[in-house]
Amino acid sequence: MVTRVATVAFQGIEAVQVDVQVQIAPGGAKFLLVGLPDKAVKESSERVHAALYASGLSLPPKRITVNLAPADLPKEGSHYDLPIALGLMAAIGAIPPDALNGYVALGELGLDGRLAPTAGVLPAAIAAQGLGLGIICASECGPEAAWAGEDMDIIAPDSLLALCNHLGGHQLCSRPQPRRQANPPRLPDLSEVRGQEVARRALEVAAAGGHNLLMIGPPGAGKSMLATRLPSILPPLNPRELLDVSMIQSIAGELAGGALSDRRPFRAPHHSASMAALVGGGLKVRPGEVSMAHNGVLFLDELPEFSPAVLDSLRQPLESGETAIARANARVTFPARFQLVAAMNPCKCGLAGTPGHTCKRGDACAADYQGRISGPLLDRIDIRIDLPAVSAADMIGPSDAEPSAAVAMRVAVARELQRKRYAEAGAPEVFTNAAAGATLIEQVVNPDKESQALLLSAAERFKLSARAYHRVLKVARTLADLGGEERVGRPHIAEALSYRLTLA
Ligand SMILES: Nc1ncnc2c1ncn2[C@@H]1O[C@H](COP(=O)(O)OP(=O)(O)OP(=O)(O)O)[C@@H](O)[C@H]1O
Ligand SMILES: [Mg+2]
C-alpha cells in the first residue's frame, strides 16, 4: 500500500503542490528517497529516523521507498522532513491513514522529534487554502500561517509527539492567531536635517510618486541622512502589498516570529554586494535585495563603488518590476518593484564642483568616477539632484525643519489620488505614478498646449529618450498630485525636467 502526504515546493514566491508517497515493501532493510531531492532533502532520512526513534517509533527492517512527485520538479530545503515522517507514520499505522487527507505539511525535524521553523510557511498556507486544504507546520510558524485565512484549519505543534496526540484526539493543539509586529523601532525623523531644501522637496516628490532618486554631493552634506529618513514619510503598505512583501520575507526566512509589519521595506546593501546578493540566486534560489525591497526602497549608498556589472543587473528589474533567475533546470521569477534611491560624491575626492576646489586628479576625476555608472542606468533615474554642503548659517542656531509626520501626510494624500486614478482607469494593480506603464501615463497626464510646447523643445534640445520622456510625464503628474491639481501644467513639466537635466 502507498500512503500519501501533501506538501509544497517553492518556485519564486509560489508554492506548488508536491505529493510525498511512501511505500513499505518486503525486502532487506533499505531506505530510498527519489524525486530530484537536493542535499538537504536527501539528509532528511537521517533526521526522520532519529525523530521517529525519539518519539518511540521504529521503522520495520523492510524496503522503504519515498517518492516526491512530480518527480521532475527539483526539491530544495529542509521542510520535507515532516511530510516524510508523517507518511512513514501512516504507513506503519502510528496515525490513522486518513488523518492527513485534508492537510499540507511542512517542517524541519530535530533529532529529538521537535519541529523547527522553516521558510515559506506563508506562501504554503496561501497555496493550501487555494486548494481547500489545511496546514501542519511548526508552532513558531503558526502565526504566519494564520494570515492565510480566518477559517483555515491550522495545526502548529512543537513536536511529532504533540502532533500524534492532536491527530489521535488525545490532546489538541490550539489554533494559532495572526500576529503583527509590536512596537516597531522608531524611525529617524526629517526634522533633524538642516537646510537642504531642494533635497527635501525631491525626497517628498520621490516618496509621493515612488520615483527613483539620485543625490550627488560632497561628503557630509546629508545624503545618507536624508535617504534613511525616507521610510518615515512613506505611507504604510496596503493589505495587498503587505501580503506580497510578507511572502517574500517568508521565503527568505526573514519573517521574525511570524509577525507581519506594514512598514515599507528599506534595504541598504553594502557596495561590496555580489550580483547574486542583489538580484537573487546563488546555490539555493533565494530572493535578492531587489526582491526584499519589493514595494519599498532599495538604497545604494556610494553608488559608483558598486561593481559596474552589479549595477547594470538592476536594469531589468527596474524596468519590469520583477527579476528572473535562470538555472540549469528551472527558471524562477521574484517580484521586484522597488524604488531606487542612490547617493554618491561627484568625484573620488568628493569635492568636484565645490567653489574654490581643484581635484588633484584634474578634470578627469569627476568624469572617471561618474563614468562607472552606465547611461542606461542613469536614464532610469527620474530625479537627480545636487546637494551642496550645508551652510554654517543653516547648521548653527535653532532648526525650523519640518518633521516627517507633516510631510508624510501630504505624501499619503498624493498617493491616495494616484490609487483612485489608476483604479478608475482600469488598472487597479497600479498604485503609484512611477509604476504606471507608458500608455497609461499618456492617458492620464494629457498636458495642456503650453506644457506640450515646453516638452517638445526640451525633448529636442536635450535628446530625451522615449523612456526619459515618459518618466518626465510621471514626475510631472506626481508634482500636480502633490499640489492637489487636476491637470498637469507648465510649471510641473518645468520642475520635472529640471530634476532630469542635472548632470551626474
Ligand atoms: N543637512 C544636515 N543637517 C544636519 N546634520 C547633518 C546634515 N548633513 C550632515 N549632517 C551631519 O553629518 C553626518 C554625516 O552626514 P551623512 O552621512 O548624511 O553625509 P553624506 O552626505 O552621506 O556624506 P558621504 O558622502 O561622506 O557619505 C550626519 O550624521 C549628521 O550628523
Ligand atoms: Mg553617505
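The values are calculated or read from the model by the stated rules, or taken from the named source; none is laboratory data. This structure is a prediction, so every number in the text was calculated from the model and none was measured. Here Cβ is always computed from backbone atoms with ideal geometry, including for glycine, and neighbour counts include all displayed protein chains. For the accessible areas, the whole protein counts, side chains as well, though only heavy atoms, and no ligand, DNA or RNA atoms are used. Shrake-Rupley method; radii C 1.70, N 1.55, O 1.52, S 1.80 Å.
Brief remarks follow.
- Pairs with Cβ under 7 Å, 6+ apart, first in region 202-227 and assigned to a strand (DSSP E or B), second within 14 Å of ligand 2 (Cβ to nearest atom) and open to solvent by 10 Å² or more (accessible area, probe 1.4 Å): MET215/LYS223; ILE216/PRO346
- Applying the criterion of being under 16 Å from the mean Cα position of the chain (by Cα) and β-branched (Val, Ile, Thr) to the residues of region 289-328, the residue that is farthest from GLY222 (Cα to Cα) is ILE325.
- Search result, residues across region 228-238 that are part of a helix (DSSP H, G or I) and within 16 Å of the chain's Cα centre (by Cα): PRO231
- For region 414-471, filtered to residues that are farther than 19 Å from VAL205 by Cα and among the hydroxyl-bearing types (Ser, Thr, Tyr), the residue that is surrounded by the most Cβ atoms within 10 Å (Cβ to Cβ) is SER451.
Table: residues versus (1) farther than 29 Å from PRO287 by Cβ; (2) at pLDDT 95 or above; (3) small (Gly, Ala, Ser); (4) more than 25 Å from the chain's Cα centre (by Cα).
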{"site": "LEU59", "(1), (2), (3), (4)": "yes, no, no, yes"}
{"site": "ALA71", "(1), (2), (3), (4)": "no, no, yes, yes"}
{"site": "SER78", "(1), (2), (3), (4)": "no, no, yes, no"}
{"site": "GLY93", "(1), (2), (3), (4)": "yes, no, yes, yes"}
{"site": "GLY102", "(1), (2), (3), (4)": "yes, no, yes, yes"}
{"site": "ILE136", "(1), (2), (3), (4)": "no, yes, no, yes"}
{"site": "PRO143", "(1), (2), (3), (4)": "no, no, no, no"}
{"site": "PRO157", "(1), (2), (3), (4)": "no, yes, no, yes"}
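- Any hit, region 475-485, residues being of a type in the set (Lys, Arg) and either in a loop (DSSP other than H, G, I, E, B) or outside the structural domain of GLU450 (by TED's automatic domain parsing) (or both): no
- Here ARG331 fulfils each of the conditions (1) surrounded by fewer than 18 Cβ atoms within 10 Å (Cβ to Cβ); (2) over 32 Å from the mean Cα position of the chain (by Cα) apart from (2).
- Among residues that are in contact (Cβ under 8 Å) with a residue 40 or more places away in the chain, closer than 29 Å to ARG175 by Cα, buried (at least 20 other Cβ atoms within 10 Å of the Cβ) and among the aliphatic types (A, V, I, L, M), LEU131 is not included.
- Test result for LEU172, more than 16 Å from ligand 2 (Cβ to nearest atom), open to solvent by 50 Å² or more (accessible area, probe 1.4 Å) and among the aliphatic types (A, V, I, L, M): yes
- Test: ILE84 is farther than 20 Å from MET247 by Cβ and not acidic (Asp, Glu): yes
- Residue match in region 270-277 (condition: open to solvent by 50 Å² or more (accessible area, probe 1.4 Å), touching a Pro at 6+ places or on another chain (Cβ under 8 Å), away from ligand 2 (no atom under 16 Å from the Cβ) and assigned by TED's automatic domain parsing to the domain that holds ASN345): no
- Selection status of PRO61, in contact with a Lys or Arg (Cβ under 6 Å, 6 or more places away or on another chain) and not basic (Lys, Arg): no
- In region 384-413, the residues that are touching an Asp or Glu at 6+ places or on another chain (Cβ under 9 Å) and either open to solvent by 80 Å² or more (accessible area, probe 1.4 Å) or under 17 Å from ARG264 (Cα atoms) (or both): SER404, ALA405, VAL407, ARG410, VAL411, VAL413
- Cross-chain or 6+ apart pairs with Cβ under 7 Å, region 458-482 first and over 20 Å from VAL413 (Cα atoms) and at pLDDT below 95, then in a helix (DSSP H, G or I) and open to solvent by 40 Å² or more (accessible area, probe 1.4 Å): ALA459/TYR469; PHE462/LEU501; HIS470/ALA438
- For region 239-254, the criterion of being at pLDDT 90 or above, assigned to a loop (DSSP other than H, G, I, E, B) and either away from ligand 1 (no atom under 16 Å from the Cβ) or of a type outside the set (A, V, I, L, M, F, W, C) (or both) is satisfied by at least one residue.
- Criterion (out of contact with any His (no Cβ under 8 Å at 6 or more places or on another chain) and either outside any loop (DSSP other than H, G, I, E, B) or modelled with pLDDT of 95 or more (or both)) met by exactly one of LEU161, LEU187: LEU161
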